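Engineer: Quick one: structure below, then a few questions.
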Amino acid sequence: MVSVRGISKRYGAVQAVADVHFDVARGELFGLIGPDGAGKTSLLRIITTVLLADDGAASVDGHDVVRDYRTIRSMVGYMPGRFSLYQDLSVQENLDFFATLFGTTVEENYDLIRDIYVQLEPFKQRRAGNLSGGMKQKLALCCALIHSPTLLVLDEPTTGVDPVSRKEFWAMLRRFKEQGITTIVSTPYMDEARLCDRIALMQHGRIMQTATPDEIVAGFTTALFAARSANMYALHLDLLAHRNVESCYTFGEYLHVTLIDSSQGAVQTLSDNLLQRHPEFELISMEPTVEDCFIRMTNGVS
Amino acid sequence: MSVLLHLLAKEFRQIFRDRIILAMMMVMPAGQLIVLPLAANFEVRNINVCVVDHDHSTASRRLTESISRSSYFTLVDVVPSMRSAMNMMAANTIDVALEIPHDFDRRMVRGESPRIVLAANAINGMKANIGTVYLGHVLQRFSDEQYIAASADGLQRRGIEIRTIDRFNPALNYRTYMVPGILALLLTMIAVYLSALNIVREQEIGTIEQINVTPITKVQFIAGKLIPFWILGLVVFSIGMLLARVVYGVIPQGSIVTIYLFAGVYLITVLGLGLLISTISRTQQQAMFMSFFFMMIFIMMGGLFTSIDSMPAWAQTITILNPVRYFIDVMRMVVLKGSTLYDIRHHLLVIAVMGVVLNGVAVLNYRKTN
C-alpha cells in the first residue's frame, strides 16, 4: 500500500529524515515510533504529498507522491499533529466544508464516521475553537475520514490526550482496520507501539528497526532486571559503577538494568554488593518492553 | 465550479463571523473618509503678521488696517524697528514681517512705487510661501484702491491685470480635490491588508495544512480568497462614493461605469500584491510589516499630498510603479474633469499589466507543496 524507498529530507544543517525505507501492507495498522524531533512528521508529510523529499521515492497504492500527488490527495486522509480545522466555523460547517472539497457529502460516508460523529453531534453548532481537546481531536479525525480514504495518516493523534481518550482512540483505529483502512500513525508513546500491527522505531531521522512489536521485544536477547531502593539516585550511581552492569536507566519508579554476566551466581554477587549500601535493595527479573528495546538500540547507535 | 462556490461560501461565512474585521472593513474607511479630507486642508489661515511702520502716516495706517481685516492674517503687533520684528520671528510668534518705509505716504501720493519689504519665516515653507503670496494680493489691492482714489477723474488704471480661472475646480475647493484621492488610498489599504493577512492567517493557524491535502487546485484556493475581497472592495468603494456625494457633494462629472470598471481592474491588481506579500510572509506580523512598507510608499508617492510633477526626476520614475498613483489620477480625471474611458485608457492598460504580473508571480510563488 505504501512504499518508502531511501527518502531523505534536510532543513538547512538538520538532517530530518535520512535514507528511510519501509513498506506498509494493505489493511495494516503501522506505527511510527520515536521521540520528538525523530523526523516522524516530515516523513508523514512527504507521504501525504505536502512536503517534497530531497532524495528517494515514495508511493501510495502504486502512485508516486510527486508525480501523482492529486490522485493521492483524494485517497489519503491526513490528520496533522496540530489542530488544523477552522476554529471560527462550527463542527457541522467544518465537516460539510471538507466533504465538499473532496466532492462528497457527510451523508455519503456517514457509516464510517458514525461512531465518532454521535459523540460530536451534541456540539455540532459549536465553533471548533470552543471544543475541548478530546472533541477537537475527534472532529479532526472525522474530517480526515469524511471522503472515505483508503489510507489514513495520523500525526501524533494521542499527544496531549488523556489516558481514557487515548484508549478509546486506539480502539477506534482497530475498528478502521476491520473496515479495511490502512493506517499509519506516529506516536512518541512507546506503550502504544504494542497496539500496532507493525512498527518502525525512529531516531535522528533514521529507522532503527521495522518489525512487529513481538519481534522487536524478542530481539531483546539479554536478561532485564528492575532495581529499586530507598535512595534511587545513589542506587543509580552505584549500579553504573558496578563492574557487572552493562546499562542502567530510569524506567517509571524502577531502574532497568542489564548485566554483562546474567548467570545466577553473578546476579547474587551484585545483590550482595548493593545490599551493603542499600538495605532495601530489591532486584526482580523483568519482561522487556518496546521502550527497553528502543533504549538499547539508541545506546547501541550512539 | 461547485468547489469554488463552497470556498466562497466558507470565506464569506468567516468574514461575517469576525465582527471586528467586518467593522474595520466597512466603518473605519467610511469614518476616515469623513474625517481625513477635513484635516488634509492646504489652505493656510491665521498667518501671524507684524508690521514695522517707519512712516506713521494715514496711508501706512490704512494698509495696516486692511491687513488686519483679512481673515487670513492675524496682526500680532505694530513695531517701530525691523530688529524687534526679527526677534519676534525668532521666537516664532510671527510668520511674516512687513516693513513700511518712511517715505511710503509721500511716494504713494506722487504716484511713485514705494518699496515694501516682506520677510517670511521659512521654517514652515508652505506657510511662508502662501503667506507672502496672500500679503502680495492685499498690497496689490491696496495700491489699486489708492490709485483709483487719487485719479479724481475716475480713469481706468493702466498696466497688466492678471485674472486666474481655475478650471474643473473653480472654487479651488480642497475637499473636492482630496476626497477622490483619499477614497483611492483607503480602498488600496483594505485590499492589500486583507488579502495579505488572510492567506498568511491560514498558514499561521495551520488550516492550510489541512487544505493542502485536499484535491483542490491552487488556482481554486486563490480564487476562493480573492473573489470575496474583490466583492467587498467594491462594496466599500460604493459606500465611499456615496459618502463623498452626501457629505462633500462630490458628484462625478464622468461616467460611474468608467469609474467602476477601473476600480474593478485596480482591485484585482492590489489584491494580487496582497497575495504576493502573503506568499512571501510566514506570519501575519511579517505580512503586516511588508504591507505597511508598501502602503507608506504608495501614500507618500501617490500624488495625493505631494504633486508628482514637483517631485525630483528619480522619484517621479518610482511613481511609475505605484498603482495608487494611477487610481488617484483616474479618480480625479473622471470625477473632476469628466474624463471618458478613452481618456484613461493608458492608466487602465498599465494597471491591467501590473495586475497580470503581480497575480502571476503570486500564483507561481504560492505552493501547495514545499
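Engineer: Could you tell me whether B:I222 is more than 25 Å from B:P180 (Cβ to Cβ), touching a helix residue (DSSP H, G or I) at 6+ places or on another chain (Cβ under 7 Å), assigned to a helix (DSSP H, G or I) and within 14 Å of chain A (Cβ to nearest Cβ)? Steps first, please.
Structural biologist: Numbers: more than 25 Å from B:P180 (Cβ to Cβ): yes; touching a helix residue (DSSP H, G or I) at 6+ places or on another chain (Cβ under 7 Å): yes; assigned to a helix (DSSP H, G or I): yes; within 14 Å of chain A (Cβ to nearest Cβ): no.
So B:I222 fails the test.
Engineer: May I pose another question? Within region B:324-332, can one find any residue that is over 20 Å from the mean Cα position of the chain (by Cα) and basic (K, R)?
Structural biologist: The answer is no; no qualifying residue exists.
Engineer: Another question, then. Given the conditions (1) free of Cβ contacts under 8 Å to residues at least 40 places away in the same chain; (2) closer than 19 Å to B:I182 by Cβ, and given that B:G264 satisfies all but one, which numbered condition is not satisfied?
Structural biologist: B:G264 satisfies all of (1) free of Cβ contacts under 8 Å to residues at least 40 places away in the same chain; (2) closer than 19 Å to B:I182 by Cβ except (2).
Engineer: Hey, another quick one. Restricting to region B:205-219, name every residue that is buried (at least 17 other Cβ atoms within 10 Å of the Cβ) and either within 38 Å of the chain's Cα centre (by Cα) or among the acidic types (D, E) (or both).
Structural biologist: Hits for region B:205-219 are B:I205, B:E209.
The rows are residues; the columns are (1) closer than 14 Å to B:I47 by Cβ; (2) open to solvent by 70 Å² or more (accessible area, probe 1.4 Å).
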position: B:S81; (1), (2): no, no
position: B:M89; (1), (2): yes, no
position: B:E99; (1), (2): no, no
position: B:R106; (1), (2): no, yes
position: B:G111; (1), (2): no, no
position: B:M126; (1), (2): yes, yes
position: B:V138; (1), (2): yes, no
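Engineer: Name the residues in region B:229-248 that are in contact (Cβ under 8 Å) with a residue 12 or more places away in the chain, open to solvent by 10 Å² or more (accessible area, probe 1.4 Å) and more than 17 Å from B:I15 (Cβ to Cβ), would you?
Structural biologist: B:M241, B:L243, B:V247, B:Y248
So that you can scan it fast, the table gives a plain yes or no per residue for (1) within 21 Å of A:D191 (Cβ to Cβ); (2) surrounded by 18 or more Cβ atoms within 10 Å (Cβ to Cβ):
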{"site": "A:I33", "(1), (2)": "yes, yes"}
{"site": "A:R45", "(1), (2)": "no, yes"}
{"site": "A:T49", "(1), (2)": "no, yes"}
{"site": "A:L52", "(1), (2)": "no, no"}
{"site": "A:A58", "(1), (2)": "no, yes"}
{"site": "A:D61", "(1), (2)": "no, no"}
{"site": "A:D64", "(1), (2)": "no, no"}
{"site": "A:F83", "(1), (2)": "no, yes"}
{"site": "A:S90", "(1), (2)": "no, yes"}
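Engineer: Considering only strands (runs of 3 or more DSSP E) fully contained in region A:240-302, which possess at least 2 residues that are in contact (Cβ under 8 Å) with a residue 40 or more places away in the chain and surrounded by fewer than 16 Cβ atoms within 10 Å (Cβ to Cβ)?
Structural biologist: Details: elements: A:245-251, A:254-259, A:282-286.
Hits in region A:240-302: A:282-286.
Engineer: Which condition number does B:L5 fail, the rest of (1) surrounded by 16 or more Cβ atoms within 10 Å (Cβ to Cβ); (2) farther than 30 Å from B:A244 by Cβ; (3) within 14 Å of another protein chain (Cβ to nearest Cβ) being met?
Structural biologist: Against the list (1) surrounded by 16 or more Cβ atoms within 10 Å (Cβ to Cβ); (2) farther than 30 Å from B:A244 by Cβ; (3) within 14 Å of another protein chain (Cβ to nearest Cβ), B:L5 comes up short only on (1).
Engineer: Restricting to region A:71-107, count the residues that are of a type in the set (D, E, K, R) and touching a residue at least 24 places away in the same chain (Cβ under 8 Å).
Structural biologist: The number of residues fulfilling the criteria is 2.
Engineer: Residues that are among the hydroxyl-bearing types (S, T, Y), facing chain B (nearest Cβ under 7 Å) and farther than 17 Å from A:T182 by Cβ: does region A:47-67 have at least one?
Structural biologist: no
Engineer: Filter region A:68-78 down to residues that are open to solvent by less than 10 Å² (accessible area, probe 1.4 Å) and more than 7 Å from chain B (Cβ to nearest Cβ) and give me whichever is nearest to B:F16 (Cα to Cα).
Structural biologist: A:G77
Engineer: Oh, and also: Mind counting the residues in region B:9-26 that are open to solvent by less than 30 Å² (accessible area, probe 1.4 Å) and either facing chain A (nearest Cβ under 10 Å) or more than 27 Å from the chain's Cα centre (by Cα) (or both)?
Structural biologist: Here the count works out to 4.
Engineer: Quick check on my filter: what residues within region A:36-46 are more than 12 Å from chain B (Cβ to nearest Cβ) and either under 13 Å from B:T214 (Cα atoms) or touching a strand residue (DSSP E or B) at 6+ places or on another chain (Cβ under 7 Å) (or both)? Give the steps one after another, and end with the answer.
Structural biologist: Of the residues in region A:36-46, the ones more than 12 Å from chain B (Cβ to nearest Cβ) are A:36-40, A:43.
Within region A:36-46, A:A38, A:G39, A:K40, A:L43 meet the criteria.
Engineer: Report the residue count in region A:123-146 for those that are open to solvent by 20 Å² or more (accessible area, probe 1.4 Å), within 12 Å of another protein chain (Cβ to nearest Cβ) and touching a Gly at 6+ places or on another chain (Cβ under 7 Å).
Structural biologist: Qualifying residue count for the region: 0.
Engineer: Are there any strands (runs of 3 or more DSSP E) wholly within region B:32-114 with 1 or more residues that are of a type in the set (V, I, T) and without any contact (Cβ under 8 Å) to a residue 40 or more places away in the chain, and if so which?
Structural biologist: Of the strands (runs of 3 or more DSSP E) lying wholly inside region B:32-114, those with at least 1 residues that are of a type in the set (V, I, T) and without any contact (Cβ under 8 Å) to a residue 40 or more places away in the chain span B:73-79.
Engineer: Please determine, by comparing only the residues of region A:204-222 that are hydroxyl-bearing (S, T, Y) and under 17 Å from the mean Cα position of the chain (by Cα), which one is nearest to A:G37 (Cα to Cα).
Structural biologist: Taking region A:204-222 first, the residues hydroxyl-bearing (S, T, Y) are A:210, A:212, A:221-222.
Those still in the list that are under 17 Å from the mean Cα position of the chain (by Cα) too: A:210, A:212.
Details: A:T210: 19, A:T212: 23 Å.
Checking each candidate, the answer is A:T210.
Engineer: Tell me yes or no: at least one residue of region A:105-113 is surrounded by fewer than 17 Cβ atoms within 10 Å (Cβ to Cβ) and of a type in the set (V, I, T).
Structural biologist: There is at least one residue in region A:105-113 that is surrounded by fewer than 17 Cβ atoms within 10 Å (Cβ to Cβ) and of a type in the set (V, I, T).
Engineer: I would also like to ask the following. Considering A:F102, A:F98, which residue is within 9 Å of chain B (Cβ to nearest Cβ), open to solvent by less than 10 Å² (accessible area, probe 1.4 Å) and under 26 Å from A:R26 (Cβ atoms)?
Structural biologist: Values: A:F102 fails: open to solvent by less than 10 Å² (accessible area, probe 1.4 Å).
On inspection, the qualifying residue turns out to be A:F98.
Engineer: Does B:L33 meet the test of being touching a helix residue (DSSP H, G or I) at 6+ places or on another chain (Cβ under 6 Å) and more than 30 Å from B:R141 (Cβ to Cβ)?
Structural biologist: In short, yes.
Engineer: Answer with yes or no whether A:N231 is open to solvent by 40 Å² or more (accessible area, probe 1.4 Å) and not acidic (D, E).
Structural biologist: yes
Engineer: Same structure, new question: On the given criteria, is B:D77 acidic (D, E) and either away from chain A (no Cβ under 14 Å) or in contact with an Asp or Glu (Cβ under 6 Å, 6 or more places away or on another chain) (or both)?
Structural biologist: Criteria met by B:D77.
The values are calculated or read from the model by the stated rules, or taken from the named source; none is laboratory data. The structure displayed is predicted, hence computed values, not measured ones. FYI the Cβ positions are ideal-geometry reconstructions off the backbone, even for glycines, and counts take in every protein chain you see. For accessibility, only protein heavy atoms count, side chains too; no ligands or nucleic acids. Shrake-Rupley method; radii C 1.70, N 1.55, O 1.52, S 1.80 Å.
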